[in-house]
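Reviewing the structure listed below.
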Amino acid sequence: MIELHSWPTPNGLKVSIFLEEAGVEHTIFPVNIGKGQQFDPHFLSFSPNNRIPAIRDLDPPGGGEPITVFESGAILFYLARKYEKFIPTDPRGTMEVVQWLMWQMGGLGPMAGQNHHFNIYAPEKVPYAINRYVNETARLYGVLDKRLADRDYVAGDYSIADMAIYPWIVPHENQKQNLDDFPNVKRWFAAVQARPAVAKVYSEKDALYPAGEPQTEEEKAKLFGLKK
Ligand SMILES: N[C@@H](CCC(=O)N[C@@H](CS)C(=O)NCC(=O)O)C(=O)O
């Protein structure tokens, strides 16, 4: 049994996509990051960066104590290896997937995340920051578009690299990106979106993660690191 400690953000949903695609039995433990639940001592004991998602594998390969994993890319890699799905086993194929997984983790995720922050959440509009992150997001979409020019998926067959990237393309409008400018990304996006497992994750997320009470100003300040 896999425990998924998560919230329906791009980094959280990529793990849900894997679990759904692979048909892995799991239990969701919502961690409402708007309400500060990422600072709960139990969650921090296996997710020391106070960020979702994290997993606990109660039946780890080889037995013994549960294996815990934080960082969504590491989680996808762990699950893909454990269930031998959505990552090739040969070194060349493995590294094709890992490179693009790392590209998402180190590039697209952080840049699009800052793009969201300065476009949507920042209390003041800072044109320099908005332009920087919108332009960098566009550059990364261009890299992805080029990569997809002569292949259906990012790294050979549909893999954990596609699962990691897709949730970060879903909010393209918030990121001030037009998919018509990236025709290969647009085609790929439609193909991933049409997968039954992906559609299921997105249609069920609101019911699985109840929003609860509205966020207070204090909780908001804590989430954005303005208050300890
Ligand atoms: N590199 C991390 C990033 C995780 C991350 O930033 N998670 C966000 C939600 S998408 C979070 O938990 N934020 C809570 C906070 O900032 O306190 C990963 O991919 O797992």
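Relative to the globular-protein estimate of 2.2 N^0.38 Å, the Cα radius of gyration of the chain stands at 1.02. What the pair-distance distribution of the range 91-194 shows, using all Cα-Cα distances binned every 10 Å from zero, is 16, 48, 27, 8, 1 percent.
What FRET efficiency comes out for the pair K227/A122, r = Cβ-Cβ distance, R0 = 22 Å, nearest 0.05?
For R0 = 22 Å, the calculated efficiency reads 0.90.
Under the simplified labelling scheme, the Q215-D157 pair shows an inter-label distance of 3.9 nm, with each label point 7 Å from Cα along Cα→Cβ. Between R187 and N174, the distance separating the two model label sites (each 7 Å from Cα on the Cα→Cβ line) works out to 2.9 nm. Ordering H26, Y78, Y141 by Cα displacement along the dipole of the chain toward the positive end leaves Y141 in first place; charges were set at the Cβ atoms of Lys, Arg (+1) and Asp, Glu (-1). For A74 and A207, the FRET efficiency from 1/(1 + (r/R0)^6), where r spans their Cβ atoms and R0 equals 30 Å, is about 0.60. Residue separation of M1 and R92 scaled by 0.36 nm, minus their Cα-Cα distance, works out to 29.7 nm of gained length. Which residues among the range 2-16 fall inside the zone where the amide N is under 14 Å from a point 7 Å beyond the Cα of F46, along Cα→Cβ? Once the point is set 7 Å along Cα→Cβ of F46, 2-6 turn out to lie under 14 Å by backbone N, inside the range 2-16. Computed on the chain, with alpha-carbon pairs under 8 angstrom and 6+ residues apart, the relative contact order is 23 percent.
Summing charges over neighbours of L58, with a neighbour being any other residue whose Cβ is under 12 Å away from its Cβ, gives -4 when K and R count +1 and D and E count -1.
Every read-out reported here was derived from the displayed coordinates using simple, explicitly stated rules and does not represent laboratory data. Because the structure is predicted, anything quoted here is derived from the model rather than measured. We place every Cβ from the backbone using ideal geometry, glycine too, and count neighbours over all the protein chains shown.
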